[in-house]
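Everything on this sheet refers to the single structure shown next.
Each value in this text was obtained by applying a stated rule to the coordinates, not by laboratory testing. These figures come from a predicted structure and were not determined experimentally. Here the Cβ positions follow ideal geometry from the backbone for every residue, glycine too, while neighbour counts run over all protein chains shown.
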Amino acid sequence: MADLEGIIAGLTSKRTAAERYLKALTGRNGPLMEFETLAWQAVVDHASISADGTVTFFLRDGSEEKEYVQSGVRSYRRRGAVNAEVCAV
């Protein structure tokens, strides 16, 4: 019986998330033309970034979207100790 209650709770949660998503998008004329925080929060649950540059977006409806992001950032190299005399104000 506890398993069934857990399944029902999970499905209820997904339904609530879907209703929230639809409410956030209701009344729009066409696609979003700029970033909107509320739309993002309504759609995306969380994201995961892999070492190879793949970003996986976990959506609130339970689906996943993967996107590869090319690295435009130089790799980090530790520099030597900072000279305190140079940094002194």
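Just for strands (runs of 3 or more DSSP E) wholly inside segment 1-73: which have at least 2 residues that are of a type in the set (Ser, Thr, Tyr)? Show your work before the answer.
Details: elements: 44-49, 54-59, 64-68.
The qualifying strands (runs of 3 or more DSSP E) are 54-59.
Restricting to segment 36-73, count the residues that are over 30 Å from Thr26 (Cβ atoms) and in contact with a Leu (Cβ under 7 Å, 6 or more places away or on another chain). Steps first, please.
As a first pass, look at segment 36-73 and keep what is over 30 Å from Thr26 (Cβ atoms): 49-54, 68-73.
Subsequent filtering for residues that are in contact with a Leu (Cβ under 7 Å, 6 or more places away or on another chain) retains none.
Going through segment 36-73 one residue at a time, the tally reaches 0.
On the stretch given as segment 1-59, residues that are surrounded by fewer than 10 Cβ atoms within 10 Å (Cβ to Cβ) and among the aromatic types (Phe, Trp, Tyr) total 1.
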